[in-house]
Amino acid sequence: MPNFTFALRTLFKTPFVTVVAIASLALGIGANAAIFSLFNQMLLRPLPVPDPGRLVNFLAPAPKPGSNSCGLASTKGNCDDVFSYPMYRDLEKTPNSTASFTGIAAHVLFGANIAARNQTSNGRGVMVSGSYFPVLGLAPALGRLLTPDDDPTIGEPRIAVLSYAFWQSRFGQDPNILNQELIVNGQALTVVGVAPKGFDGTTLGAKPQLYVPITLRAVMSTGWKGFDDRRSYWAYLFARLKTGVSLEQAQTAMGVPYRNIVNDVEAPLQKGMSEQTMKRFRAKPLQLLPGSQGQSSVIGTARGPLTLLFGVTGFVLLIACANIANLLLARSAARAGEMAVRLSIGAARWQLVGQLLTESLLLAALGGASGLVVARWTLDLMVSLVSREAADTIDATLHPQVMAFAAALAIGTGVLFGLFPALHSTRPDLISSLKGQAGQPSGARAASRFRTSLATTQIALSMALLVVAGLFTRSLMNVSRVDLGLNADSVIMFSVSPAHNGYTPEQSKQLFERLEDALAAIPGTEGVTAGTVPLLAGDNWGNSVAVEGFKAGPDTDVSSNVNSVAPAYFHTLGIPIISGREFTRADAAASSKVVIVNEAFAKKFNLGSDAIGKHMSDKSGNGPLPFEIVGLVKNAKYSEVKREVPPLYFRAYRQDPAIGDLTYYVRSAIDPTAMLANIPKVVQTLDPNLPVEDLRTLPQQVRQNVFLDRFISVLSAAFAGLATLLAAIGLYGVLAYTVSQRTREIGLRMALGAAPERVRAMVMRQVAVMTVIGGTIGLAAAIGLGKLAESLLYQLKGWDPIVLAISAVALTLVALGAGFIPALRASQVEPMIALRYE
C-alpha cells in the first residue's frame, strides 16, 4: 500500500507525461479490446450449450447434381454442408450412427411473417428436427422444446417454440403465451415452449424468432416439394459425439453407410452423367468437422479481416508501449539522483525496481480502465460501418471476457514498457550521481540507443500500417468505381412476401398488380417495377437450362442465374436494352412464355447477336424449349458488386406459377428519403397484416453489399492514423530529450562558430537516418502483409507502387514535422547559457 500511494504521488508530479501515457495506452488497449470483442464473438465463442466441444458438423462435398439450396449456415460459403432429407433420415437410422452419436439433428432457416395479438412482423425462423434440442442438450425456459416425437409425419405437428429474445421483446415474457396460436406464414401454430435465455440458434448471424418442426417445410414454403427428392439438397446436419468416441472414429464409422447409400441408392438416380463424374460421385466422402460454434458462413468470412485488424491493433499497442517506455526512460534520467540517494542509504535494488514497476502498472491500470471507454466507442463505430444484418449479430456490450483481456493487456504492457526503465534507473553505478557529476550519467549512452531503437521501430510499424491502410482505401475506391450497369440513384427498394401470409400464387399476383398501381400513384414516382431476387443482396437463384443451338455434353456447365421480374424492370433501373423488348402486362400466365437474357448468357450459350427469337428451357436435357427469347440486355450487377455479372435470364413474374414474394423498386423524382415513409402506408391500405421488409434506398443496398470493404478500410485507416500520430509523438519525445541532453555540446559547437543552420541539419540528419531505416524495414513488412491481405483487396496487388510511394512520402513528412521543433530549439540555444547547463 505505501508503494501504491507513493507511486500515485510520483505520477502526478509530472501530470503532462502521465496524461500522455494514459491516453496512449487507452487508445492502444481500447482498440485491441474492441477487436478482441468482435474476434471472440465471431471466431472463438462456442454455442451456449452443454459441452459444445462434442458437437460435429456434417459435410458432403460435390458433385451434387440436382437442386442445391444453401445460405448463411454454410460454413464454407458453398453447398458442401447441405443434404437431402432422405439421406438425413437414412444416416440417422444406421447402427453406426447410434454407436457414434447421441443423435443427429437437421435444421434450415426460413423467412417468417409472424402474426400475433393483432400485429404482424417479418422475421426469421428455423425448421428443426425433433432431435435438434436434445442433441444440443438444452432445457426450456418455459413449457417444452421439440422432441423426436414431434417429427414422424410430414406436415405435422403445427407447433412452435419461441426464442427467449422474441418472447421477451414481443410478448413481455408473458407465461400465458403457452398454448396460444401464432399465424406463421399464414398457418396457425400452437406455442408449446420458449427456448433458453441466450440461445439464438446454431447459425451465427441469424437470430431466429421461433423454431418449428422440419416436417412443416412444405407448409411454411407454399409450393415447395422436396422431402422425397434425393437430388434436392437443403438440410444442414450436426451431431453430438458419444463419450469416448473421437471425431475421426465417428467419421470412419459413418463413411461406410454413407458410401453404401450413395452407391446403391443415389447413383442409379443420376442421368446424363459422364463416367468420370460418376466415378467422383461414387467416391465422394462424408466429412465431419468440429461444430462447437455451430454452422455459419460468417465465421469463414470474418476470419481473415478480423485476424488482420487484430494484428493492426497489436502494432498500435506496441507503438504506444514504445512511447511510454521512452517517456519513462526520460523521467528516470531526471530521477537518477533520487535513486542514487536511496541506494546509498541501504535500499535494495529489487525494492526500487518493485517501486518503479508499481508506477508502471498503475499507469497501465489507468490506461486499461480508460481503454474500456475507447473500446466501447470503437465497437459503436464498427456497428455503424456494417450492414444491418451484421449489426444485429455484433454485441457492443463489454463482456467479462473482454474486460479480462483488457486487464491482461494492461498488466502485460505495464511490465513490458516498465521493466527496462526500472532496471536502467536502479543500476548500482548510479551511486556515482552523488558526486554531482554534471555530464551524462553512466549508462546514458545505452539508454539513448535504446530510445532511438524504439523510435525507429515505431516508424517501421507506422509505415507498415500506413501501407495496409492505403491498400484497403484504394481497394475501396476501386469498389466504389465499379460500373453497376444500372442507375441506382433515387431508387427505393423494399420486399413483400404475401406467400408468408398464406396467399396462393394467384392471390399474390393480384396483390402485386394492385401494389404496382398504388405505388405508381404516389406523387413524385417516375417508375415502378419488381423482381423476385433482390438486387445486390447476396442472393443467387439459378438452375440448369437448355438453349436452342447449344450442344451440351455430359459435364458441360449449363447453369444460369434467373430472376422473375415485372414490366418496365430495365427502364426503371436504367439497364440498357440492346435488342428486343421489355416485358409488359400482356406477358401473363395464359400468354406464350417469354424470357429476356443478358450479354453474359448470350456469350455462354453462343447466341451472339442473334438471341432474339431463339428458344430455351429452364431444365437441362433434350426436352421441349417452351421459352422464347424476346430481349437482350446489357450486363448489370446481380448479387454482388465485386463479382462478375453471371449468365442471367429473366422471366415475366406473371408467368411464374409459384410466385409468392417480390422486391419492389420505385424510382423517385424527389428526394427518396421523403418518399420512404409513404411506402408502408401504401402497403397497409392493401393488407394491414402484410409487413414491409428491408425498406431502404438502392444506394444504401449497394453500400451494404460492400460493407466489409468499408469496414476494413475505415478501421485500418483509423488505426494507421493513430499509429502514425503516436509514432510522431514518440519521435518528437526522443529528439527533444536528445537535444536537452546535448545542450552543452550544442552550445560548445555554436561558441566555436557553428551556424544555427548546421545545428538544425545535425538534428534533422538524425531524423532522416531513423526514418530511412525504419521506413525501409516497414516497407518490407508492408509488402509481406499486403501479400497476405491480397485476397481481401479488389483489383489491386498487395505491393501497389502508388500506395507504397504515398505512404513513404506521408510518413517522411510526419517524421520531418516531428523533428523540426526540436531542431529549431537546438538552433536557438544561447552558447553562454548552454555552457553553464547542468
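Just checking, how many residues over the range 504-526 are open to solvent by 10 Å² or more (accessible area, probe 1.4 Å) and in contact with a strand residue (DSSP E or B) (Cβ under 7 Å, 6 or more places away or on another chain)?
5
Could you grab me the full set of residues in the range 619-643 that are without any contact (Cβ under 8 Å) to a residue 40 or more places away in the chain and farther than 19 Å from Thr532 by Cα?
Restricting attention to the range 619-643, the residues satisfying the condition of being without any contact (Cβ under 8 Å) to a residue 40 or more places away in the chain are 624, 626-628, 643.
Once the filter is applied, which keeps residues that are without any contact (Cβ under 8 Å) to a residue 40 or more places away in the chain and farther than 19 Å from Thr532 by Cα, the range 619-643 yields Pro624, Pro626, Glu628, Arg643.
Could you tell me whether any residue of the range 318-334 is under 30 Å from Ser69 (Cβ atoms) and either open to solvent by 30 Å² or more (accessible area, probe 1.4 Å) or not in a helix (DSSP H, G or I) (or both)?
No, because not a single residue in the range 318-334 is under 30 Å from Ser69 (Cβ atoms) and either open to solvent by 30 Å² or more (accessible area, probe 1.4 Å) or not in a helix (DSSP H, G or I) (or both).
Just one of Val547, Val595, Val533 is more than 26 Å from Pro699 (Cβ to Cβ), aliphatic (A, V, I, L, M), open to solvent by less than 20 Å² (accessible area, probe 1.4 Å) and touching an Asp or Glu at 6+ places or on another chain (Cβ under 9 Å); which is it? First the steps, then the outcome.
On the way: Val547 fails: touching an Asp or Glu at 6+ places or on another chain (Cβ under 9 Å); Val533 fails: more than 26 Å from Pro699 (Cβ to Cβ).
On inspection, the qualifying residue turns out to be Val595.
Going through the range 676-713 one residue at a time, which ones are outside any helix (DSSP H, G or I), out of contact with any strand residue (DSSP E or B) (no Cβ under 8 Å at 6 or more places or on another chain) and over 14 Å from Leu511 (Cα atoms)?
Residues satisfying the conditions are Ala677, Val706.
Please work out which one of (1) open to solvent by less than 20 Å² (accessible area, probe 1.4 Å); (2) more than 25 Å from the chain's Cα centre (by Cα) is the condition Val692 fails and give its number.
Of (1) open to solvent by less than 20 Å² (accessible area, probe 1.4 Å); (2) more than 25 Å from the chain's Cα centre (by Cα), only one is false for Val692: (1).
Out of the range 545-597, which residues are of a type in the set (Ser, Thr, Tyr), over 19 Å from Gly623 (Cβ atoms) and within 34 Å of the chain's Cα centre (by Cα)?
Across the range 545-597, the qualifying residues are Ser564, Tyr569, Thr572.
Any idea which residue in the range 77-131 is surrounded by the most Cβ atoms within 10 Å (Cβ to Cβ), counting only those that are in contact with a His (Cβ under 8 Å, 6 or more places away or on another chain) and under 30 Å from Leu690 (Cβ atoms)?
Across the range 77-131, the extreme among qualifying residues is Val128.
State the number of residues belonging to the range 12-61 that are assigned to a helix (DSSP H, G or I), open to solvent by less than 10 Å² (accessible area, probe 1.4 Å) and not aliphatic (A, V, I, L, M).
So the answer is 6.
Residues of the range 181-196 being in a loop (DSSP other than H, G, I, E, B) and modelled with pLDDT under 95, which ones?
Filtering the range 181-196 down to residues in a loop (DSSP other than H, G, I, E, B) leaves 185-186, 195-196.
Selection gives Asn185, Gly186.
How many of the residues making up the range 767-778 are surrounded by fewer than 19 Cβ atoms within 10 Å (Cβ to Cβ) and either over 35 Å from the mean Cα position of the chain (by Cα) or not polar (S, T, N, Q) (or both)?
Residues meeting the conditions: 5.
Select from the range 400-423 the residues that are at pLDDT below 85 and surrounded by fewer than 21 Cβ atoms within 10 Å (Cβ to Cβ) and write down the one among them that is farthest from the chain's Cα centre (by Cα).
Result: Leu423.
Those residues that are touching a Lys or Arg at 6+ places or on another chain (Cβ under 9 Å) and open to solvent by less than 10 Å² (accessible area, probe 1.4 Å), I need them from the range 655-671; list them, please.
The initial filter retains those residues of the range 655-671 that are touching a Lys or Arg at 6+ places or on another chain (Cβ under 9 Å), namely 655-656, 659.
Once the filter is applied, which keeps residues that are touching a Lys or Arg at 6+ places or on another chain (Cβ under 9 Å) and open to solvent by less than 10 Å² (accessible area, probe 1.4 Å), the range 655-671 yields only Ile659.
Restricting attention to the range 576-592, and to residues there that are farther than 24 Å from Ala488 by Cβ and among the aliphatic types (A, V, I, L, M), which single residue is most open to solvent (accessible area, probe 1.4 Å)?
Of everything passing the filter in the range 576-592, Ala590 is most open to solvent (accessible area, probe 1.4 Å).
Being among the β-branched types (Val, Ile, Thr) and touching a helix residue (DSSP H, G or I) at 6+ places or on another chain (Cβ under 9 Å) is the filter; apply it to the range 214-251 and report the residue that is modelled with the lowest pLDDT.
Looking at residues that are among the β-branched types (Val, Ile, Thr) and touching a helix residue (DSSP H, G or I) at 6+ places or on another chain (Cβ under 9 Å), I get Thr222.
Which condition does Val772 not pass, out of (1) modelled with pLDDT under 90; (2) at negative phi, if it passes all the others?
Failed condition: (1).
Scan the range 256-303 residue by residue and report those that are buried (at least 16 other Cβ atoms within 10 Å of the Cβ), within 18 Å of Asp229 (Cα to Cα) and either charged (D, E, K, R) or touching a Gly at 6+ places or on another chain (Cβ under 6 Å) (or both).
Of everything in the range 256-303, just one residue is buried (at least 16 other Cβ atoms within 10 Å of the Cβ), within 18 Å of Asp229 (Cα to Cα) and either charged (D, E, K, R) or touching a Gly at 6+ places or on another chain (Cβ under 6 Å) (or both), namely Glu266.
The values are calculated or read from the model by the stated rules, or taken from the named source; none is laboratory data. Since we're looking at a predicted model, the values are computed, not measured. For neighbour counting, all protein chains shown are included, and Cβ atoms are generated from backbone atoms with ideal geometry for every residue, glycine included. Accessible surface is based on the protein model in full, side chains and every heavy atom, while ligands, DNA and RNA are left aside. Shrake-Rupley method; radii C 1.70, N 1.55, O 1.52, S 1.80 Å.
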